[in-house]
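Only one structure is covered here, and it is reproduced in the block below.
The values are calculated or read from the model by the stated rules, or taken from the named source; none is laboratory data. Being a predicted model, the structure only gives us computed values, none of them experimental. Ideal geometry is used to build each Cβ from the backbone, glycine not excepted, and the neighbour counts take in all protein chains shown.
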C-alpha cells in the first residue's frame, strides 16, 4: 500500500493506492502518514470500507475529515471539529488535478 500526501493551505489530501489485495491484518502494521492536525484532511483512494473506517479513526484529531468522491466532483465532510464546515458539506476539489 502506498500513500501520497498533497498539502494545500486549508487541507491535506492523503491518497492511497493498493498494490495488491489486502486483508484486515494489514491494519495491525499500517503506518498512515502524519499530517498537520490544525488543517482538515481529505481521504482519497479505492479500498475496502474497513480501511476507510480505520483511517477516519486514525485522523480523528484533525480539524475535519472528508472522503473524496469523483461522482460529486469533491469531498464529502464526514467529521468536523470546527465551525467552518458541517458534516455533509461538499468541498469542491478534483484530486487528479492536484
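Assorted remarks:
- Residue check for residue 15: on the phi < 0 side of the Ramachandran plot, at pLDDT 95 or above and surrounded by 12 or more Cβ atoms within 10 Å (Cβ to Cβ): yes
- When segment 83-98 is limited to residues that are touching a residue at least 40 places away in the same chain (Cβ under 8 Å) and not in a strand (DSSP E or B), the one that is nearest to residue 16 (Cα to Cα) turns out to be 95.
- Test: residue in segment 33-50 that is without any contact (Cβ under 8 Å) to a residue 12 or more places away in the chain and assigned to a strand (DSSP E or B): no
- All conditions in (1) touching a strand residue (DSSP E or B) at 6+ places or on another chain (Cβ under 9 Å); (2) exposed (fewer than 12 other Cβ atoms within 10 Å of the Cβ); (3) at pLDDT below 95 hold for residue 98, with the sole exception of (2).
- Contact annotation: residue pairs with Cβ atoms under 7 Å, 6 or more positions apart or on different chains, pairing a residue in segment 56-70 that is farther than 9 Å from residue 41 by Cβ with a partner that is at pLDDT below 95 and outside any helix (DSSP H, G or I), are 61/37.
- Subset of segment 22-65 (residues that are closer than 17 Å to residue 6 by Cα and in contact with a helix residue (DSSP H, G or I) (Cβ under 7 Å, 6 or more places away or on another chain)): 32, 43, 44, 65
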